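Encoded as structure tokens, the structure appears first; notes follow it.
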Amino acid sequence: MEVVIHPDSGAVARTTADIVQGRLEQGHAALGLATGSTPLGAYRELIRRHRQEGLSFARAQAFTLDEYLGLPPEHLGSYRSVIRREFTDSVDFPDRAVHSLDGHAPDPVAEAARYEAAIAAAGGIDVQILGIGTDGHIGFNEPMSSLASRTRIKTLTEQTRRDNARFFPAPEDVPHHVLTQGLATIRDARHLLLIGLGEAKAEAIAAAVEGPLAAACPASSLQLHPHTTVLVDQAAASRLQ
Ligand code: F6R
């Protein structure tokens, strides 16, 4: 793992954008996009580069990491909606090139298999942006997820439901179940960018980077990947040895 400690979240966002831009400029790119608060600075920086410097996403594809089960695609809280609102609708990404899991699919198991096939058909993901949960989750792979897992249904822990309640009108509106790329699916991407911002993520970042490889901290499974870059601000780096 390569760990890059920046003074603040703005520098993390610019470095993330640099890596994404570098890959886009090589031609067709498949980007893996996390939702949540962590990548928003990087998305804003990419939008700025699109508007002011002509950075283009016209030949790129995007795959979101996960989705709430039971939310219709057009629901404001669905990750399909969120990624469009926060990022892809503000650049020249063709809408059909922005792929996501359908949380309303009648057969979620078949939907998970369809998504794995769609990623494979795109040639795999080139750069995967990841946030980290306070409990070490990536995607919605909660602690004790199988390190060999593929895209599948998962149950959220109460801690993650509480952490995500800010995106819903009321805490009880947060769904209990999700579809998420598995840990092995995530590790199939060619370059992984794990971003951690703020003191609240310091313990999870330390466990991911320096802790034992263990299902108790799903992000530690990124230690198995030959090309993982951990991008953190000073606060998120504060528990590293
Ligand atoms: C969201 C996702 C989650 C988040 C994590 C951190 O697509 O994959 O793993 O990255 O829950 O969320 P924030 O960034 O909101 O702290």
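FYI, it's all coordinate maths here, none of it is from the lab. Keep in mind it's a predicted model, so treat the numbers as computed, not measured. Glycine gets a Cβ as well: all are built from the backbone with ideal geometry, and neighbour counts include every protein chain shown.
Miscellaneous remarks
- Global geometry of the chain, whether rounded, prolate or oblate, following the gyration tensor of its Cα atoms and the 1.5 cut on a/c: rounded
- Contour excess over end-to-end distance, with Cα ends at Ala110 and Glu210 and 0.36 nm allotted per residue: 32.3 nm
- Gaussian network model of the chain, Cα within-10 Å springs - most flexible of Leu101, Leu179, Leu71: Leu71
- Charged neighbours of Ala184, selected by a Cβ distance under 13 Å, balance to +1 (K, R count +1; D, E count -1).
- 3J(HN,Hα) from dihedral phi, region 29-45, Karplus parametrisation 6.51/-1.76/1.60, rounded to Hz, x for glycine, proline: 9, 10, 9, x, 10, 7, 9, x, 6, 4, x, 4, x, 5, 5, 4, 5
- Amide H contacts for Val98 (H built 1.01 Å from N in the peptide plane; partners 5 or more residues away or on another chain; cut-off under 5 Å): Ala62.
- Taking a Cβ cut-off of under 10 Å around Gln159, the surrounding Lys, Arg, Asp and Glu residues balance to a net charge of -2, with basic ones at +1 and acidic ones at -1.
- Cβ-based charge dipole, the chain, positive-most Cα from Ser146, Leu65, Pro212: Leu65
- Extension gain, Ala200-Arg162: 0.36 nm per intervening residue step, less the Cα-Cα distance, totals 12.3 nm.
- Label positions at Ser238 and Ala58, each projected 7 Å from the Cα along the C-beta direction, are separated by 4.6 nm.
- For the chain, excluding the exposed loop sites themselves (GluC sites (Glu not before Pro), DSSP loop, at most 10 other Cβ atoms within 10 Å), the longest remaining stretch covers 75-241.
- Normalising the average separation of contacting C-alpha pairs (under 8 angstrom, six or more residues apart) by the number of residues puts the relative contact order of the chain at 25 percent.
- Positive contributions from Lys and Arg (+1) and negative ones from Asp and Glu (-1), summed over other residues with Cβ under 15 Å from the Cβ of Glu199, come out at -2.
- Residue of Ala122, Ala219, Ala204 that the Gaussian network model of the chain assigns the largest fluctuation, springs spanning Cα pairs under 10 Å: Ala122
- Converting phi to 3J(HN,Hα) with the Karplus coefficients 6.51, -1.76 and 1.60 and the offset θ = phi - 60°, region 214-228 yields 7, 4, 4, 10, x, 5, 5, 5, 6, 4, 6, 8, x, 9, 10 Hz in sequence order, with x at every glycine or proline.
- Where a label projected 7 Å from the Cα of Asp92 along Cα→Cβ would reach, residues of region 26-61 with amide N under 16 Å: 26-29, 46-61
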